[in-house]
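First comes the structure, then the notes that go with it.
The values are calculated or read from the model by the stated rules, or taken from the named source; none is laboratory data. This structure is a prediction, so every number in the text was calculated from the model and none was measured. We place every Cβ from the backbone using ideal geometry, glycine too, and count neighbours over all the protein chains shown. In case anyone asks, the SASA skips ligands and DNA or RNA and just uses the protein heavy atoms, side chains included. Shrake-Rupley method; radii C 1.70, N 1.55, O 1.52, S 1.80 Å.
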Amino acid sequence: MGASPATMLVATFAVSFLLQAIYLLAFDSRGRAVSTLGQLNAAFTVDGVNIRWILLVTTVTGIVLLLATALLLNRTSIGLHVRAATQDFRTARILGVRANRVIALSFVVAGALAAAVSVLYTVSNPFVEPDTGVQITIFALIGVVVGGLERLTTATLGGFAVGFVYGMFGDLLSSGQSVYLPSVVYGAVIVVLLLRPAGLFAPLRAGQVERV
Amino acid sequence: MRRIVLELGVPVALIVLTAVVAGGISQAQQLEFETALVMVAIVVALYVFVGNSGVISFGHVSFVAVGAYLAGIVTVDPQTKHFTMPSLFPVLLHAHISTVPSLALAAAIGGLYALLVGLPLMRLSGLPAGIATFAVLGITYNVLYYWQKVGPTAQTLSDIPEVGRWTVAVGAAIATVVAYAYQRSRFGRLLRATREDPAAARASGISIYRQRLLGFTLSGALAGLAGGLYVHQLGLITPDLFYLDLTFVTLAMLVFGGVASLWGAVLGALAISALNSFLGDAENTVHIGFNLTLPNGTRLVTIGAVMALVLILRPSGLTGGREFGLRWRR
């Protein structure tokens, strides 16, 4: 640890590249169909509307995990350390926050949450390829930065915003234009970042250059 | 003077050496050496911005892509283009120039594109800058993949005249010399000052935005040139060539060598390329005193592991962000 954020980011991509390579070695480049928990794809009917069980399970799990993470961050001393390190890493260290432990812990929590997501995702999209994770990670990273990565609520809302814009423009664009949907969404991301570099939902004063 | 000779001479000598060695080996290996030289050009271009400004960019491959597509399309015979890409813009459809001017054109379009993108984007720093430049990459890829007026879309762009290893080597060397001249110039130093301490740089009257924009534009022009070299080295390209894989590999090469020095950029690109092609050969049996055969797939796993380990254990890269020197400084 102790590397610059840019190096850290590239390092995590390197690890992801390594995992993909191991996946290729263990299986092969072709995707695999997944049958785990397939019964959750069955639907139940409410008032004439068919709803797949997995959607319900995903929604409930999402809410529970979000609340659990919020409790961890806001109601425990570990969470306080994490938030302090986010605010001002150096000062937090001076005040006795064990920085490396905080980073390692948040990494583990993030990994566990991602694992939960991957189970839900593969059940509802039962086909995995070596680069399945990369696409979701990029989408998530964009959502978090667009929303504002310093707070759980803003990051979550950012994820919703990207998904919402994606769905909305998917409906608005005509069939001939719909191939450019990614461009439109990326364009919207750029506009948001230019107007609100600290995040769409972050408080206005955030993100200014400061020096003590 | 001696310092310049070492700092610039050694990387350039390494490039020339690569080209010389490429002359004495089999055809297939020669292609790998040429690709390594193209990678040097791309990584040096990336270094000019990322190394000097300290701002990460995931968007440089889009400048490589526009350079490659323009240099490729204008050198293809118009009669072939009427047949394979009839919906091109007329100016692209009728253009027919030779390879060396097409490289200059590639550099120009890369620089222009970077300038246009940089005008709004250079206000950003940190992770937002990374995501915004990634969004540019996403848009470029998406447009190249579907817009028939600018290229053959998802089809392969082929029938491009190829150049020999010396053109590629000279191109990579030019990129290196330009990068060195820039980093020793007033503007390069100003940009480095903003990297070291943005607040102090601003207090000294440096416009962070203007210096970053200049570095970004120059870097984009070199990336465009590298794209031109790439297309003429390969002879055929598809949009998939210029997306996540190339972005990740070139960034990893830069960080592996050491993001803050030109020597690191050149060394990182050549080291990873060498490892990559050696392991690739070893998967089909290579003779190094004895016959070595590695199982298929070892190449990617080893490359991934080596890059991850270096990035984690030595985050400042092989060179530690220093230029080449004879004395070992701590």
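Please go through the range A:77-108 and give me each residue that is of a type in the set (Val, Ile, Thr) and open to solvent by 50 Å² or more (accessible area, probe 1.4 Å), ordered by number. Within the range A:77-108, A:ILE78, A:THR86, A:THR91, A:ILE94, A:VAL108 qualify. Answer with yes or no whether B:GLY23 is open to solvent by less than 60 Å² (accessible area, probe 1.4 Å), on the phi > 0 side of the Ramachandran plot, of a type in the set (Gly, Ala, Ser) and at pLDDT below 90. For B:GLY23, the condition - open to solvent by less than 60 Å² (accessible area, probe 1.4 Å), on the phi > 0 side of the Ramachandran plot, of a type in the set (Gly, Ala, Ser) and at pLDDT below 90 - is not met. Looking for something under 27 Å from B:LEU254 (Cα atoms), free of Cβ contacts under 8 Å to residues at least 12 places away in the same chain and within 14 Å of chain B (Cβ to nearest Cβ) - is there at least one such residue anywhere in the range A:24-34? Scanning the range A:24-34, I find at least one residue that is under 27 Å from B:LEU254 (Cα atoms), free of Cβ contacts under 8 Å to residues at least 12 places away in the same chain and within 14 Å of chain B (Cβ to nearest Cβ), so the answer is yes.
Filter the helices (runs of 4 or more DSSP H) completely within the range B:116-206 down to those with at least 2 residues that are among the aromatic types (Phe, Trp, Tyr). Reasoning before the result, please.
Working: elements: B:126-146, B:165-184, B:186-196, B:198-203.
Because the criterion is at least 2 residues that are among the aromatic types (Phe, Trp, Tyr), the helices (runs of 4 or more DSSP H) in the range B:116-206 that meet it are B:126-146, B:165-184.
This table checks each residue for (1) β-branched (Val, Ile, Thr); (2) more than 9 Å from every other protein chain (Cβ to nearest Cβ).
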position: B:TRP147; (1), (2): no, no
position: B:GLY151; (1), (2): no, yes
position: B:VAL168; (1), (2): yes, yes
position: B:ILE174; (1), (2): yes, yes
position: B:LEU190; (1), (2): no, yes
position: B:ARG202; (1), (2): no, no
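Of all residues in the range B:65-85, those that are exposed (fewer than 15 other Cβ atoms within 10 Å of the Cβ) have Cβ atoms under 6 Å from Cβ atoms of residues that are not β-branched (Val, Ile, Thr), 6 or more apart or on another chain, in B:PRO78/B:HIS94; B:PRO78/B:HIS96; B:THR80/B:ASP159. Among the residues of the range B:225-239, some residue qualifies, meaning at least one is in a helix (DSSP H, G or I), within 14 Å of chain A (Cβ to nearest Cβ) and at pLDDT 90 or above. Candidates are the residues of the range B:56-74 that are assigned to a helix (DSSP H, G or I) and aromatic (Phe, Trp, Tyr); the one that is farthest from B:LEU112 (Cα to Cα) is B:TYR69.
Taking the condition under 18 Å from B:ILE237 (Cα atoms), within 11 Å of chain A (Cβ to nearest Cβ) and open to solvent by 20 Å² or more (accessible area, probe 1.4 Å), does B:VAL143 pass? Talk me through it step by step, then tell me what you get.
Numbers: under 18 Å from B:ILE237 (Cα atoms): yes; within 11 Å of chain A (Cβ to nearest Cβ): yes; open to solvent by 20 Å² or more (accessible area, probe 1.4 Å): yes.
Criteria met by B:VAL143.
For A:LEU149, the requirement of being within 11 Å of chain B (Cβ to nearest Cβ) and either outside any helix (DSSP H, G or I) or open to solvent by 50 Å² or more (accessible area, probe 1.4 Å) (or both) is met.
Candidates B:ALA68, B:ALA95: the one that is within 14 Å of the chain's Cα centre (by Cα), away from every other protein chain (no Cβ under 14 Å) and hydrophobic (A, V, I, L, M, F, W, C) is B:ALA68.
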